[in-house]
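So the structure is just underneath, and the comments pick up after that.
The values are calculated or read from the model by the stated rules, or taken from the named source; none is laboratory data. In this text, all values refer to a predicted model and were calculated from it rather than measured experimentally. Cβ: placed from backbone, ideal geometry, glycine included. Neighbour counts: every protein chain shown.
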Amino acid sequence: MPKMDIVGHGKLCAQLLSDIAHDNVSHAYLFAGEPHLGKFTVAKWFAFRLIMEGRDPSSQEKITDEIDRLIHPDFLTLDRLWIEGVNEDWGVISKFSNIPQQNRAKTPAAKTDVISVDDVRVLLDRLTATGSSKYLCCLIRSIDRMQMASANAFLKILEEPPPRVVFILTTSNQNVLLPTIVSRTRILNFFPLKPEDLQSLTAGQDDEDAAFAVHLSRGAPGSLIELLKNPDALRLSKQMHTQAKHFWQAGSLLERLQWIMPFSEKRQDVRGLLRHLGDALKELHDPVSKVKYAKAYSELAEALQTNAHRGLLLERFTLAVEERAC
């Protein structure tokens with residue numbers, strides 16, 4: 001049984017296999033959890049197991065290949081979208097999605113990563129196609145990309161699903177979904193993996209780099225893989241993490257300002273800044289300092305979600321840290 005590069009999530013996979021074994025397969029599943037935990041990988045694996053149901057084991061290799069190449073008639077997936085001026089390479093899109101999207105090229109609204117009403121209509125047309133498997137599996141990545149109109153159109157499909165269709169949906173933001181959509185799915189929650197579950201991904205890596213990458217990935221195998229595939233990004237992350245530690249331990253206001261103020265430029269990765277500052281704060285040995293700085297850090301994280309001037313926010317934050325350091 002191919003695992004399709006699944007790392008961890010053994011209990012979830014066992015539960016899905018049990019659904020098949022006991023003929024208790026739902027017409028719709030919702031895989032919910034933070035980004036890069038492997039939700040779509042598990043969805044693809046589950047679809048493979050559903051399509052293999054009742055088939056001769058000798059067809060396993062052929063079906064696996066057809067699913068990988070998105071040519072199996074009972075495997076539909078809506079992942080990467082055609083976006084005007086951003087993602088217009090049909091060759092690339094075809095490696096991720098096999099539900100037609102030519103309609104998007106004719107729609108002025110197709111300029112963002114939003115699943116439209118027209119996309120849902122095209123999807124419905126494909127769901128009526130005939131196939132040879134017991135189940136027809138339809139995977140939709142990030143169902144939260146649907147806005148109200150498209151979500152309502154999709155809800156109608158869930159209310160009266162076509163025969164043998166199994167929807168496998170993923171989301172990193174369940175709170176924004178229509179409650180009526182959520183209520184018509186079987187929810188499986190994905191959680192970050194333990195460091196020991198990620199060790200298989202670090203084989204052949206430098207021990208120090210591997211340990212740091214595992215720490216930085218926060219239990220998300222997808223994030224860990226991307227870090228290890230990009231040595232330059234990993235090196236820059238290690239550098240920023242070291243500098244963030246120095247920020248908390250700096251001996252002067254000037255020293256802190258010299259490091260943090262360049263992040264006021266829009267092209268700088270402010271999310272990365274927050275992540276490394278937060279991790280470095282947790283690593284401080286002095287519990288009193290942790291408590292003193294935590295409020296300033298929380299206020300910065302909240303303020304950066306607004307449209308306030310980034311430079312002023314960073315300067316105010318640094319002054320607050322300096323006051324607490326005295």
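For the stretch 96-151: of the residues being touching a helix residue (DSSP H, G or I) at 6+ places or on another chain (Cβ under 7 Å) and among the polar types (S, T, N, Q), which is modelled with the lowest pLDDT?
Among them, the one singled out is T107.
Can you tell me how many residues within the stretch 84-121 are of a type in the set (A, V, I, L, M), closer than 24 Å to I157 by Cα and in a loop (DSSP other than H, G, I, E, B)?
4
Is it true that D119 is under 23 Å from L37 (Cα atoms) and without any contact (Cβ under 8 Å) to a residue 60 or more places away in the chain?
Against the criterion (under 23 Å from L37 (Cα atoms) and without any contact (Cβ under 8 Å) to a residue 60 or more places away in the chain), D119 does not qualify.
Between L124, L169, L139, which is of a type outside the set (S, T, Y), part of a helix (DSSP H, G or I) and surrounded by 13 or more Cβ atoms within 10 Å (Cβ to Cβ)?
L124
Report, by residue number, each residue of the stretch 199-224 that is touching a helix residue (DSSP H, G or I) at 6+ places or on another chain (Cβ under 8 Å), under 20 Å from A32 (Cα atoms) and either loosely packed, with under 15 Cβ neighbours inside 10 Å or hydrophobic (A, V, I, L, M, F, W, C) (or both).
Listed by number, the list holds a single entry, L224.
Scan the stretch 15-42 and report the pairs whose first residue is at positive phi and whose second residue is among the acidic types (D, E) and not in a loop (DSSP other than H, G, I, E, B), with Cβ atoms within less than 9 Å and a gap of 6+ or a chain change.
H36/E226
Considering only residues that are in contact (Cβ under 8 Å) with a residue 40 or more places away in the chain and not in a helix (DSSP H, G or I), look in the stretch 150-166 and name the one that is surrounded by the fewest Cβ atoms within 10 Å (Cβ to Cβ).
Going through the qualifying residues, I end up with P161.
Hand me the list of helices (runs of 4 or more DSSP H) wholly inside the stretch 267-326 holding 2 or more residues that are over 29 Å from G219 (Cβ atoms) and of a type outside the set (K, R).
Ranges flagged: 310-325.
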